[in-house]
Amino acid sequence: MVGILIFYISTINNKQVHSAITPTDIPLKTRLKSIIDEGADMCLEPEGFYLNDDAIRVIELPETGESLTVLDESEFICPTMASVYCGSGGCSVHFLLEKESISLQLQGWEYKDGQLLFGAHGTACGNENGSKTCFMTVTVREGHFNIE
């Protein structure tokens, strides 16, 4: 069963940031494998595709007792296509909870003090040329992502 896509809009520094949060009943391991398989399929030399050690991180969220799995495509390696997973807007990063996921094109991210901090291409916040990175903060509460 495929989850329903819901769009949320959050105002940060008087700019609108759009992101997609996907509720799902698909098991986390199945979603993770599907994303990795899709990455391997994009590589012209699939047998050479591999993940760096930092591609998958599991973050324990002490505030809620939950785990957050992060799959960072900047750590996907395809020997024949150096830039297939990232571009000027950043790299796809997937944040997976048991019943919800969020996938974003990011220039960087960090987990600090119970919050996920995302750095996105400036166009995500309305900067026409995208030269200025915009930032958003996301927390996890009761199994859901909350964009602040």
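The numbers here are math on the coordinates, done by the rules we state, and not lab data. Being a predicted model, the structure only gives us computed values, none of them experimental. With ideal geometry, Cβ positions are generated from the backbone for all residues, glycine too; neighbour counts draw on all protein chains shown.
What FRET efficiency, computed as 1/(1 + (r/R0)^6) with R0 = 22 Å and r the Cβ-Cβ distance, is obtained for Glu98 and Glu148, rounded to the nearest 0.05?
Between Glu98 and Glu148 the formula returns 0.55.
What is the count of Lys pairs in region 6-147 whose alpha carbons sit under 24 Å apart, if the two are 8 or more places apart or on different chains?
Lysine pairs meeting both conditions in region 6-147 amount to 6.
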